[in-house]
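Encoded as structure tokens, the structure appears first; notes follow it.
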Amino acid sequence: MAGNTNRYSSYTTASVGSGSDGKNGEKAEKKDLWSSMLDGVASAKRLPEKNIILLGGTVDSQREFFESLSNNELRRTLDRNASRMPPVANSFALGYTYYDVLDADQEDTLARISLYTLTNPSPSFASLLKPLLTPQTIPNTLIVILLDWSQPWKWMRQLREWILLLRTVLISLSHECMAAMEEVMLSWRDRGRGGGTNLDGTTALPVADDGVALPPGPGEWEDALGIPLCVVAQNAEKMEYLEKTQSWKEEEFDVVLQFMRTVLLRHGASLIYTTPSLPSQLPSLIHSSLGIHSLLKKQPLKHNVIDRDKIVVPPNWDSWGKIRVLREGFDVERVSNAWTADLDQPFPHPQSNGNTSNREPNGESGEAVHDQEEEDDEEPQGSTVRLYELSVQDPTMDALQLAGRDTHSTELEVKSEDTQAFLGKQLKQLETFKKQHDETFGQDFGSSRNKPFKKIEEDEGALDPYTRPTEAKVLEHIGPVQFNMGGIQVDADDMVQRLKDRQAYGTSEPGSPTDEVGAEANAQMDTENLQAFFQGLMNRKSGTGK
């Protein structure tokens, strides 16, 4: 065995050394060809990987953002396991999830996007964001900041805190990362200005005569971060709630939009308003910002600054002139320059940790107002945050200021009295009125028991001047009360009056003038009764005859 092995080895060696150099060269070329082909197929099947760093919002709002991008309802596949979306782990510190971007036919996968979420702009989380930014990931990364229309008065302060956190992270990166960010920003400045491609993947038309991209206008790309930025204002349906409860008008909504567009213009960022129940251009804006385009269907990204709940401001589209047109009187240059003073603030800010407005007041409302005034004083003079919060005021702080302000005779504020104390005072007054009424009317009614009936009636009418007019109105309204007695129509009021007269006649002394008048009245009464009786009989007979 050993000899055979050695002989085989010598033969092989001899054959290789003698005249098979060409054959080995051909084999080497074939091997290189196959390896290159296999590498090409593997790279073609490898999905492009994109990253989104999602900042701000809450756990629920971040989930809504993820669902609006992933389009769960549009994913129709026979494989149930493939249709299941990965869980969103964003309850603690830095969260993570991912999803695949499908083409228009829902079959081909265009890219895989990884989402890294963070809800609190604490400086302690800067070390968690730094490993996500490398020379390889920076060209494929997009930063998204979530805002909410439930509290638009906090937007400028929240935006400042997040950008200060990002600048803290970005300035600590390596030189290779700095070079990658510079290349990314240069390519983004050329998008839509000529010499590059638009967000929808189409070739940008040159805007200059020589085909060279025009330089940025005033206030554009003054504070480029190095990574593309997009701001998403969620729950735009709450604008209607602000109109009904806070009396907001179109002017307030326009001011908010002008402030946001002016500040984001300095970073070359985009802006979009979204509503959970309505479709929007959010997937198109996010995917095109990451360089993901459909191979089957072009989805052009359209700007919209007319519909207040469907605002879309793509990058490299806005300018100072377009911002001024929205509403006159807005000093866009002052707001833009003041944002530089805000970005020069130390991080974290002394009076806030990202959510200043969420802090509950300690003690009385006056102390909370005092703390808020101190915070305003610590803002730099001419700060954009200060200008914004003066134009878009927090209604809760207005209520605290009214509650903590000392009331004067010239002010309209009135302190309401306790309900029980008010009712106690009213009870005392009612008891006093009741006592006075009893003292005034009780003795008269007690002494009138021995008076004749008619005399009592007259005295009561004198004591209560409203009794007789009221009775007269009632009688006038209901008319005389009559009834039929033995075929004779009898007036009840007349019968009662005659009984009163008979009683008065019975109590009068014989021979007195009252006695004579009573006798005449009695005779007249008998005559009338007889006449009425016979008249009734006649009426009865005539009715029977008919």
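The values are calculated or read from the model by the stated rules, or taken from the named source; none is laboratory data. No experiment lies behind these values; they were computed from the predicted model shown. Here Cβ is always computed from backbone atoms with ideal geometry, including for glycine, and neighbour counts include all displayed protein chains.
For the reader, a short list of remarks on this structure follows.
- Selected residue [hydrophobic (A, V, I, L, M, F, W, C), in contact with a helix residue (DSSP H, G or I) (Cβ under 8 Å, 6 or more places away or on another chain) and either modelled with pLDDT of 95 or more or not assigned by TED's automatic domain parsing to the domain that holds ILE323 (or both)] from LEU257, LEU290: LEU257
- Residue check, ALA224 aliphatic (A, V, I, L, M), out of contact with any His (no Cβ under 9 Å at 6 or more places or on another chain) and crowded, with 17+ Cβ neighbours inside 10 Å: no
- Taken over segment 225-245, residues that are closer than 22 Å to LEU170 by Cβ and either in a helix (DSSP H, G or I) or among the aliphatic types (A, V, I, L, M) (or both) amount to 5.
- The condition of being part of a loop (DSSP other than H, G, I, E, B) and at pLDDT below 85 holds for only one of SER352, SER357, that being SER352.
- Checking PHE330 against (1) modelled with pLDDT of 90 or more; (2) farther than 27 Å from PRO276 by Cβ; (3) not in a loop (DSSP other than H, G, I, E, B), the condition it does not meet: (3)
- Residue within segment 175-191 that is in a loop (DSSP other than H, G, I, E, B), closer than 20 Å to ILE286 by Cα, modelled with pLDDT under 95 and in contact with a Ser or Thr (Cβ under 6 Å, 6 or more places away or on another chain) present: no
- So SER247, is it under 24 Å from GLY329 (Cα atoms), of a type in the set (Ser, Thr, Tyr) and at pLDDT below 95: yes
- Cross-chain or 6+ apart pairs with Cβ under 8 Å, segment 415-430 first and among the basic types (Lys, Arg), then modelled with pLDDT under 85: LYS415/THR407
- Close pairs (7 angstrom Cβ cut-off, 6 or more residues apart or separate chains): outside the structural domain of VAL335 (by TED's automatic domain parsing) and surrounded by 14 or more Cβ atoms within 10 Å (Cβ to Cβ) in segment 380-391, assigned to a helix (DSSP H, G or I) and of a type in the set (Val, Ile, Thr) anywhere: THR384/VAL263; THR384/VAL335; LEU387/VAL335; SER391/VAL255
- Some residue of segment 246-258 being surrounded by fewer than 21 Cβ atoms within 10 Å (Cβ to Cβ), part of a loop (DSSP other than H, G, I, E, B) and touching a Pro at 6+ places or on another chain (Cβ under 8 Å): yes
- Among the conditions (1) modelled with pLDDT of 95 or more; (2) more than 23 Å from ARG157 (Cα to Cα), VAL312 misses just one, which is (2).
- Segment 283-305 - residue that is in a loop (DSSP other than H, G, I, E, B) and in contact with a strand residue (DSSP E or B) (Cβ under 6 Å, 6 or more places away or on another chain) and, of those, surrounded by the most Cβ atoms within 10 Å (Cβ to Cβ): LEU290
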